[in-house]
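As C-alpha cells, the structure follows; a few thoughts come after it.
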Amino acid sequence: MNPFNPSFGKVPPIFLDRNRLVQELAEDLENTNSPYQTTLIYGLRGSGKTSFLTDVGKKLGQDDFWIVINLAMGTDLLATLADSIYVKASNPLKKALESIGGVKFSAFGLQVEFGMQNADASHKYQTLLEMILERMQNQGVKLLVTIDEIKSTKEVRRFISIYQILIREGYSISLIMTGLPAHISELQNDDVLTFLLRSARINLDPLNPLTIKSSYQKVFSEGGRKIDGDVLAEMVKMTAGYAYAFQLLGFLVWQTGETHISAEVLESIKDDFKLELYRNVYTKIYQELSSVDIEFIKTMAGCDGNLISIGEITQKMNKPKNYISMYRRRLLDDQIIRAPKRGYVSFTLPYFKDFILENQEFYY
C-alpha cells in the first residue's frame, strides 16, 4: 500500500513537521485562558491546513470532555452548530439539552420555538447557544468549533460576532479556522471583527529539508526500496518544502514499483509530477491573482535564474519603486514569493516558474 497521500482534505499517514505543533495546540486548548482559544491557520493551497485542522480535531475528539464540531462554509453555521452538538452529546448531556424550553431536537433537525416573535435568527441562536454551553459547562464538557477555508461572508461574520459574545460571557468554547492568507486578512480587517486581530495565528511554513530527507529515506527503506544519495537530494529539492509536493512526489515514485530508485526512475515521473502540480494547485492559485500580481510574477519568470533582483523587476515593469513594493508585499503576504535576501525575491512553490513560462498562451 502506498504510504503517501496527495489527496486534499485528508490527514496523510506521513505528516511531517506538524505532529509536535498539533500536540502543543491540543494541550494548550485545555487551558481556560489559552491564547489559542481563537486560532487562525493560514497558508497556500496544499500547505497542509486541512490536514492540520483535522488532526487537531481528532486529537481533542478522543477526549470525552470535548465535543468537536466541524462546520462547512455555505451552511447555516449557527443552526448546524446547535444541532451537531446535540448529535455528538453523551446521553446525560442530551437529556440536559432536551430540558431547554422552546427547542426540539430530533432526527429531523433542530426546531427553535422561542417566544420572541420579533427576535431575529441571530438573537435566537445566541440565546440558544448560551443555554447549550451552560449545560455543557455544568457537565465539564468543552466545545471546539472548526471551520476550514474560511471566507468573509455574511453568514461567517454573523457567526463570529456571536462567538465573540460567547467568549466574553466566559463559556468554554474555542474556534479554529483555516484559510488562504488573503481571506484571513480580509476577515481580520472587517470593521465588526477586529477582535480577530488579537487571535493566535499559525503560519504553516515550508517543511524542513532535513525532515523531508529523513522521512523519504525511512519510508522507502522500510518498504524495501533503495534510493541513491544524489536521487534523495534531488527529491528534497523538487519538493521545495511544499507539503503537497512532498506527498505527490513520494506517491508517484512509490507507484513506479521500482525497488531501486535511480535518477532514471525519478526522471520518468517528473512530467507527471509537474502536471499534477499545475492542474491541481497552480492553475487555481494563478486564477485568484490580480492582473498586476500576474504582471509581476510573469516579469519574475522572464528573468534569468531563480533569485531575481527587485531592481530588474522594477526596470522591466517600468513602474515606480513604491508601486513595485506594494505588489511585492502582496505576493509575499500571499506566500507566492519569498525574499531570501535583501533586494531579491524567488518563487515559493516548486516549478511555479516553469508553470508560468510553459502556459502563458492559456493565461493572461
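The values are calculated or read from the model by the stated rules, or taken from the named source; none is laboratory data. A quick note: this is a predicted structure, and the numbers were derived from the prediction, not measured. Note that each Cβ is placed from the backbone with ideal geometry, even for glycine, and that neighbours are counted across all protein chains shown. In case anyone asks, the SASA skips ligands and DNA or RNA and just uses the protein heavy atoms, side chains included. Shrake-Rupley method; radii C 1.70, N 1.55, O 1.52, S 1.80 Å.
Listing for the model above:
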read-out: Mean separation of Cα contacts under 8 Å (6+ apart) over length of the chain, as relative contact order %; value: 20
read-out: 18 Å Cα-Cα reach of LYS341 towards lysines, excluding residues that sit fewer than 8 places from it in its own chain; value: LYS321
read-out: Protection-proxy order for peptides 29-36, 77-84, each taking the mean of Cβ atoms within 10 Å per residue, highest first; value: 77-84, 29-36
read-out: Distant-in-sequence amide H partners of ILE41 (H built 1.01 Å from N, under 5 Å); value: MET177, THR178, GLY179, ILE202
read-out: Candidate aspartates and glutamates - alpha carbon under 14 Å from LYS104, same-chain residues fewer than 8 apart omitted; value: ASP83, GLU113
read-out: Set of aspartates and glutamates near LYS218 by C-alpha distance (under 17 Å), chain-local residues within fewer than 8 positions excluded; value: ASP17, ASP228, ASP230, GLU234, GLU258
read-out: Tensor-based shape of the stretch 251-347 (alpha-carbon gyration tensor, a/c under 1.5 rounded, otherwise prolate or oblate); value: prolate
read-out: The stretch 211-228 - phi-based ³J(HN,Hα) in whole Hz, Karplus 6.51/-1.76/1.60, Gly and Pro as x; value: 5, 4, 4, 5, 5, 4, 4, 5, 5, 6, 5, 5, x, x, 10, 9, 10, 5
read-out: Estimated vicinal HN-Hα couplings, Hz - the stretch 46-54 in sequence order (Karplus 6.51, -1.76, 1.60; Gly, Pro = x); value: x, 8, x, 4, 5, 4, 4, 4, 4
read-out: Å² per residue, accessible surface of the stretch 120-159 at 1.4 Å; value: 42
read-out: Helix 154-168 vs. the chain, principal-axis angle (Cα, 0 to 90°, nearest 10); value: 60
read-out: Over the stretch 274-351, relative contact order from alpha-carbon pairs under 8 Å, at least 6 apart, %; value: 27
read-out: Cα-based helix-to-principal-axis angle, 229-239 vs the chain, degrees rounded to 10; value: 50
read-out: Share of carbon and sulfur in the accessible heavy-atom surface of the chain [1.4 Å probe, %]; value: 48
read-out: Amide H contacts of ILE337 (H built 1.01 Å from N, under 5 Å, at least 5 apart or other chain); value: LEU332, THR348
read-out: Efficiency of FRET from Cβ geometry, MET73 and GLN137, R₀ 25 Å, rounded to 0.05; value: 0.35
read-out: Stokes-Einstein D for the chain, Kirkwood Rh over Cα pairs, 20 °C, 1.002 mPa s (µm²/s); value: 93
read-out: Nearest-ten-degree value, helix 291-301 long axis tilted from longest Cα axis of the chain; value: 40
read-out: Accessible area per residue in Å² at 1.4 Å probe, computed on the stretch 13-97; value: 45
read-out: Estimated 222 nm signal from helices in the chain, with DSSP H stretches of n ≥ 4 weighted -39500 (n - 2.57), rounded to 500; value: -15000 deg cm²/dmol
read-out: With DNA, RNA and ligands ignored, accessible area of ASP304 (1.4 Å probe; Å², nearest 10); value: 130
read-out: When each of LYS88/LYS124; LYS151/LYS213; LYS58/LYS94; LYS49/LYS142; LYS213/LYS316; LYS213/LYS284 is checked by Cα-Cα distance, pairs over 32 Å; value: LYS151/LYS213; LYS213/LYS316
